[in-house]
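Just below is one structure, and these are the notes that go with it.
The values are calculated or read from the model by the stated rules, or taken from the named source; none is laboratory data. Keep in mind that this is a model prediction, so the values were computed, not measured. Glycine also receives a Cβ, built like all others from the backbone with ideal geometry; neighbour counts cover every protein chain displayed. For the accessible areas, the whole protein counts, side chains as well, though only heavy atoms, and no ligand, DNA or RNA atoms are used. Shrake-Rupley method; radii C 1.70, N 1.55, O 1.52, S 1.80 Å.
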Amino acid sequence: MDFENVLIEQHTNLAIVTVNRPKKLNALNTQTIKELHTAFKRLDENTEIKVIIVTGSGEKAFVAGADIKEFSDFTVEEGTELARKGQELLFDFVQNLGTPVIAAVNGFALGGGLELAMAAHFRVASSNAKMGLPEVSLGVIPGYGGTQRLSQLVGKGKAMEMIMTANMISAEEAKDWGLVNYVVEQIDLLPLCKKLAGKITNNSSVAIAAAIKSVNANYTNCVNGYSVEIENFGLSFGTNDFKEGTTAFLEKRKPNFE
Ligand code: CAA
């Protein structure tokens, strides 16, 4: 598969996967999700690769969310399928990879972008990064695992606040809240991720894969939560608020919810 929207670099046993749609702030359309799935699958199967870093192209965004233009006229069924397929191909897939994945959050990580960063095994952010789940401002809810993983990482109260207010938090706040492990200047972001990757590669890959599986096992009771999220994400597509929210974004105006 030739990639249109994803770049892969290999440096001996480290791979860097870059989401590359900078003009759309690296928003995740269906094509990009499929390409990311193939990229992560190939790298996980490559025994030379010991760590994967995922980041966004350009200096402004990691990933600004799912592609709003693509899904703005979706039906309830299409919305449900979008979330189900996306979770299966990318978000659950990354979380359950045996190869460690570090998210290098280099700018806006919103909606599906924050959900991708949260599916990674841990996160490092640049000081300009801003994170949030703004879906309710569009009349929809997070659909790529955000309601589950944000609560796991920052606790239920802070997750509820972030989801309900649709507010973005700064990189420093994200660090205080446990959402990212380190905050550095943008120029130092990849070097720090590479340094952490170097430490990981000194250790047993077999043991690390087993550790990832074991840590994730504590969250399997949330499987039902992911299904509830998919169902409610899909149902949002049948509401007038969803039509108004997505149309307002595309028309670059504030929504008028009923
Ligand atoms: N989908 C589609 N296009 C997007 C996008 C997205 N999520 N985010 C940004 N873009 C596009 C813009 O439409 C714009 O395209 P044009 O130049 O063709 O008009 C381009 O990227 C640059 O964006 P802006 O002009 O808006 O840049 P800005 O600096 O003024 O604002 C921003 C930056 C605050 C990140 C703003 O782009 C924004 O609010 N983006 C949407 C964020 C969002 O709501 N994400 C959640 C999506 S829903 C989701 O992810 C659902 C899910 O869980 C499955």
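Here is a yes/no grid of residues against (1) in the same structural domain as ASN218 (by TED's automatic domain parsing); (2) open to solvent by less than 50 Å² (accessible area, probe 1.4 Å); (3) not in a helix (DSSP H, G or I):
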{"residue": "MET131", "(1), (2), (3)": "no, yes, yes"}
{"residue": "VAL136", "(1), (2), (3)": "no, no, no"}
{"residue": "VAL140", "(1), (2), (3)": "no, yes, yes"}
{"residue": "THR147", "(1), (2), (3)": "no, yes, no"}
{"residue": "LEU150", "(1), (2), (3)": "no, yes, no"}
{"residue": "ALA159", "(1), (2), (3)": "no, yes, no"}
{"residue": "GLU173", "(1), (2), (3)": "no, no, no"}
{"residue": "GLY178", "(1), (2), (3)": "no, yes, yes"}
_Going by what's in this entry, would PHE93 be described as free of Cβ contacts under 8 Å to residues at least 60 places away in the same chain and either more than 18 Å from the chain's Cα centre (by Cα) or within 23 Å of VAL206 (Cβ to Cβ) (or both)?_
yes
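Go through VAL183, VAL206 for me and flag whichever is farther than 26 Å from GLU77 by Cα and part of a strand (DSSP E or B). Give the derivation first.
Details: VAL206 fails: part of a strand (DSSP E or B).
One residue alone meets the criteria, VAL183.
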_Filter pass, GLU35 being without any contact (Cβ under 8 Å) to a residue 12 or more places away in the chain, in contact with a strand residue (DSSP E or B) (Cβ under 7 Å, 6 or more places away or on another chain) and either more than 16 Å from the ligand (Cβ to nearest atom) or not assigned by TED's automatic domain parsing to the domain that holds GLY98 (or both)_ = no
*Within region 20-52, how many residues are touching a Leu at 6+ places or on another chain (Cβ under 7 Å), assigned to a helix (DSSP H, G or I) and open to solvent by less than 70 Å² (accessible area, probe 1.4 Å)?*
5
*Every pair of residues 6+ apart whose Cβ atoms lie under 6 Å, when the first sits in region 115-139 and is without any contact (Cβ under 8 Å) to a residue 60 or more places away in the chain and within 14 Å of GLU172 (Cβ to Cβ) while the second is within 11 Å of the ligand (Cβ to nearest atom) and open to solvent by 10 Å² or more (accessible area, probe 1.4 Å)*: LYS130/PHE108; LYS130/MET168
*Is region 227-239 home to any residue that is open to solvent by less than 40 Å² (accessible area, probe 1.4 Å) and modelled with pLDDT under 95?*
yes
*asked:* Considering only residues that are open to solvent by less than 50 Å² (accessible area, probe 1.4 Å) and within 12 Å of the ligand (Cβ to nearest atom), which ones fall in region 240-254?
replied: PHE242, GLY245, THR246, ALA248
*Lone qualifier among ASN216, ASN232 - being under 28 Å from GLU45 (Cβ atoms), in contact (Cβ under 8 Å) with a residue 60 or more places away in the chain and assigned to a helix (DSSP H, G or I)*: ASN216
*Could you check how many residues of region 9-19 are crowded, with 18+ Cβ neighbours inside 10 Å, out of contact with any Asp or Glu (no Cβ under 8 Å at 6 or more places or on another chain) and farther than 15 Å from THR47 by Cα?*
2
*Just one of the numbered conditions (1) under 19 Å from the mean Cα position of the chain (by Cα); (2) open to solvent by less than 70 Å² (accessible area, probe 1.4 Å); (3) not assigned by TED's automatic domain parsing to the domain that holds ILE141 is not true of TYR219; which one?*
(2)
*asked:* Regarding region 185-207, can at least one residue be identified that is open to solvent by 90 Å² or more (accessible area, probe 1.4 Å) and either aromatic (Phe, Trp, Tyr) or at positive phi (or both)?
replied: no
